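Here's the structure, in structure tokens; my notes come after.
The values are calculated or read from the model by the stated rules, or taken from the named source; none is laboratory data. Note that the coordinates shown come from a computational prediction; the quantities given were computed from them, not determined experimentally. FYI the Cβ positions are ideal-geometry reconstructions off the backbone, even for glycines, and counts take in every protein chain you see. Quick note on the areas: whole protein, heavy atoms, side chains included, nothing else; ligands and nucleic acids left out. Shrake-Rupley method; radii C 1.70, N 1.55, O 1.52, S 1.80 Å.
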Amino acid sequence: MESFRNRLDKNRIPKHVAVIMDGNGRWAEKHGRARVFGHENGVESVRSVVEGAGEIGIKHLTLYAFSTENWERPKPEVEALMELLVHAIDNESELLMKNNVRLTTIGDLSKMPLKVKERLDRCIRFLNNNTGLNLILALSYSSKWEIINAVKNIVNETIDGNVKLEMINDKLFEKYLNTAETPDPELLIRTSGEFRISNFLLWQIAYSELYFTEKLWPDFRKEDLFEAIFDFQNRERRFGKTSEQLTM
Ligand code: IPE
Ligand code: IPE
Ligand code: MG
């Protein structure tokens, strides 16, 4: 079977793909190991997908790495995930540089341990002038948090007189989200066979195509990304219109 990569329409590569990387724990269980083993192996999937996204010219890739709700997991797992993050940043930054990748984050970074924040800041600065893929890590992220935050900031600006009530529309609102600089994802992928959004980019996925796969995250590779994009390219995005209107 020919690779999905060769079957992609190069002119219709989505600008922004978002991924809910799920199933690390179940993958570890399947291999008779502790959950952390799954998280460790998930790093290889991140490497492959980041590389693949760059190769086909995706501009923005958002990876859901840690949700606000994930803080409620057992302390040892949270600590292991934070350690893993520090190591991943240290180990991957040279390769990201080589691949011309830029790094940004969304989420409530104030909740992250100082050590993680420092490493992230350093890595972001290091990759700052790169012009290839923009890799966006969602860390301590929840969409409801992001939206409430935006509302608070808009209300403040309204009180200060900088924003008038009649100015508030979707374009203005988007400027107050963490994703202000990024177009909405055309495609959202979730691994591990769960059919839910888990508080991820609720506003931004209003018109995204959703793609669910049974694959557990540590088994997911760039070829799986290409398959998801192939599937995406064979859908008709009508945005409320009729099929006939689109061909006019
Ligand atoms: C996703 O895998 C990684 C994070 C949420 C940090 P999980 O850890 O949720 O794995 P499962 O869903 O329990 O298999
Ligand atoms: C969503 O996965 C969050 C991340 C992938 C970081 P979870 O495993 O935390 O979500 P639920 O609990 O299945 O909804
Ligand atoms: Mg999960």
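Applying both filters, DSSP loop and at most 14 other Cβ atoms within 10 Å, to the trypsin sites (Lys or Arg not before Pro) of the stretch 160-234 gives Lys164, Arg196. Between the alpha-carbon centres of the stretch 89-153 and the stretch 1-53 there is a gap of 19 Å. Placing one equal scatterer on every Cα of the chain and applying the Debye formula, the log10 ratio I(q)/I(0) at q = 0.07, 0.11, 0.13, 0.14 Å⁻¹ is -0.25, -0.63, -0.87, -1.01. Taking the protein heavy atoms of the stretch 56-198 in the context of the full set of protein chains, the accessible area attributed to carbon and sulfur is 53 percent at 1.4 Å.
The label point for Leu210 and the one for Lys152, both projected 7 Å from the Cα toward the Cβ, are 2.9 nm apart. For the stretch 106-208, chymotrypsin sites (Phe, Trp or Tyr not before Pro) are listed when DSSP marks them as loop and at most 14 other Cβ atoms sit within 10 Å of their Cβ; the list is Phe195, Tyr207. Entry note, the stretch 137-234: relative contact order of 27 percent, from Cα contacts under 8 Å with a spacing of 6+ residues. Relative to the globular-protein estimate of 2.2 N^0.38 Å, the Cα radius of gyration of the stretch 1-101 stands at 1.23.
In straight-distance terms, cross-link reach from Lys10 covers every one of the lysines whose alpha-carbon lies under 17 Å from its own, apart from those fewer than eight places away in the same chain; here that gives Lys59, Lys222. Let me make sure I get this right: for the stretch 151-248, a, b and c are the square roots of the gyration tensor eigenvalues over alpha carbons, sorted descending. Under 1.5 in a/c it's rounded, otherwise prolate if a/b > b/c, else oblate. Which is it? It is oblate, given that a/c is not under 1.5 and a/b is not larger than b/c.
Assuming R0 = 51 Å, can you tell me the calculated FRET efficiency for the pair Glu29 and Leu165, based on Cβ-Cβ distance, to the nearest 0.05? My answer for the efficiency is 0.45. Measuring nothing but how far apart in sequence close Cα pairs (under 8 Å, 6+ apart) lie, relative to its length, the chain scores a relative contact order of 30 percent. Entry comment: accessible area of the stretch 1-133 is 54 Å² per residue, from protein heavy atoms only and a probe of 1.4 Å.
Note on Lys144: aspartates and glutamates with a C-alpha under 18 Å away, same-chain residues under 8 apart excluded, are Glu69, Glu72, Asp108, Asp170, Glu174, Asp184. When its C-alpha radius of gyration is set against 2.2 N^0.38 Å (N residues), the stretch 104-197 gives a value of 1.30.
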